[in-house]
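See below for the structure under consideration.
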Amino acid sequence: MWYNHWFDGMALMHRFHIRDGLVTYSSRFLQSDSYVQNLEKNRIVVSEFGTLAMPDPCKNIFARFFSRFQIPKSTDNAGVSFVKYKGDFYVSTETTYMRKIDPQSLETKEKVDWSTYVAINAATAHPHYGRDGAAYNLGNSYGARGYFYNIIRVPPAEGKKDGADLSGAEILCSIPAADPRKPSYYHSFAMSENYVIFIEQPIKLDLLKFMLYRVQGKSFHKVMSWEPQLDTVFHVIDRRTGQLSSTRYYTSAMFTLHQINAYEDNGYLIMDMCCGDDGNVIGDFTVENLRKAAGEELDKFYNSLCTNLPRRYVLPLEVNGEEPNDKNLISLPNTTATAVKTETGVFCTHENLYNDNLLEYGGLEFPQINYSHYNARPYRYFYACGFGHVFGDSLLKIDLEGKKLKVWRHPGLFTSEPVFVPAPDAKDEDDGVVMSVIITPRERKSSFLLVLDAKTFTELGRAEVPVDIPSGTHGLFNESS
């Protein structure tokens, strides 16, 4: 038996340690319960996003049959991202479970269950952080009262302590799903200085199918559907009070995994994000598709995928009930985005944050900014992977003043999420470096850590690694004391 989807493999953590011009590399499998049980049984015991664990072949036929009706265990195979809460490092996925880790040794430590602290059934692997050290996240809950999206706040650490502890976590706001039978899938959310923005998009989870998917022998991603006849709704929540805005902001059906930044400007909320027009893409990255031979078949698969591109939406924070319908409420200069008052709310159209030359590099994903200094604030630059093929094959720097583009690309090399590290004495937003793990399928060619000058986007150096590194998702930089 093998895994069926790119998201499903057992989490392998990587660490590059840079000190005095020397780079050391280490990696370890996360010792999750899922990993340990799979190893002990020599088979897939815990279901993942695109892979259904099959009944134990050692059980009799009746036991195997009735095991399909048992509630499946949630995976703690936290392979999406490294995150921090109260100064501690965790690896996270999209269930209630995280694993605390030692960032130096990559040792797996305590298993943490979000539902021990707040009443949720799952949480994202993409928290945001406030200036005061508090962390914010998004989770869901479902039960007799319906299905809700929940904004979570984890307070900053009160002092140094060793132990996986999310004590003090609270739910700021609960947003009822537009259709409790078919809630929306989400991967992340946006946050400005004063607001949290949840994007309810028309990628739907059919809860009836969810209850039956194990009985029918289907994996989790098969219960998801793209329903483009529905709107995408922006829910705006006050970070201080937890109050949900009574204004319904919405746009045409679109799909987003990752936001770039969000900030406020003269009574408007600016949201930049990577968007596509087809939410089916999330289920397309099956191992079967990724194993297609190079050439026409792989090109055909790539050309069938939705291209994600950067967009800007502008939301007026004060909507006067006396304003006439069909009026554009945006008076900000230097944006073509609109927000038109309608009978049902405010309908938003986006501004494209790119020129046509970006299309040469196939769109982009995994956006990053100078987060520590410019998150939730007006900014100028962001960095991303360009997807000229199925996997990222370039690194991009976008200058929002003029939508200018700088590119690093070499044939046969595949990029990972760029990580921006500001210079210690930075004066400009792009004073620093951009790091990315570069992999290649070519024999006798090494994977390496690439370091670019963020300002000029020219190569400063690379640290080659004498082992194969698989394609990953998200990472972070941690400055050692």
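Structure data summary
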| item | result |
| --- | --- |
| Filter result for VAL233 (part of a strand (DSSP E or B), of a type in the set (Val, Ile, Thr) and closer than 21 Å to PRO183 by Cα) | yes |
| Criterion: of a type in the set (Lys, Arg) and touching a Phe, Trp or Tyr at 6+ places or on another chain (Cβ under 8 Å) - qualifying residue of ARG442, ARG409 | ARG409 |
| Condition check for GLY79: within 29 Å of ILE152 (Cβ to Cβ) and at pLDDT 80 or above | yes |
| Selection status of PRO470, modelled with pLDDT under 95 and over 23 Å from VAL91 (Cβ atoms) | no |
| Residue tally, condition at pLDDT 75 or above, out of contact with any Lys or Arg (no Cβ under 6 Å at 6 or more places or on another chain) and of a type in the set (D, E, K, R), over the stretch 271-295 | 2 |
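A quick yes/no check of all residues on (1) modelled with pLDDT of 85 or more; (2) outside the structural domain of TYR90 (by TED's automatic domain parsing); (3) farther than 24 Å from PHE82 by Cα; (4) outside any strand (DSSP E or B):
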{"position": "MET1", "(1), (2), (3), (4)": "no, no, yes, yes"}
{"position": "MET10", "(1), (2), (3), (4)": "no, no, no, yes"}
{"position": "HIS17", "(1), (2), (3), (4)": "yes, no, no, no"}
{"position": "SER26", "(1), (2), (3), (4)": "yes, no, no, no"}
{"position": "GLU40", "(1), (2), (3), (4)": "no, no, yes, yes"}
{"position": "THR51", "(1), (2), (3), (4)": "no, no, no, yes"}
{"position": "PHE62", "(1), (2), (3), (4)": "no, no, yes, yes"}
{"position": "GLN70", "(1), (2), (3), (4)": "no, no, yes, yes"}
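The values are calculated or read from the model by the stated rules, or taken from the named source; none is laboratory data. Remember, it's a predicted structure, so these values are computed and weren't measured experimentally. Cβ: placed from backbone, ideal geometry, glycine included. Neighbour counts: every protein chain shown.
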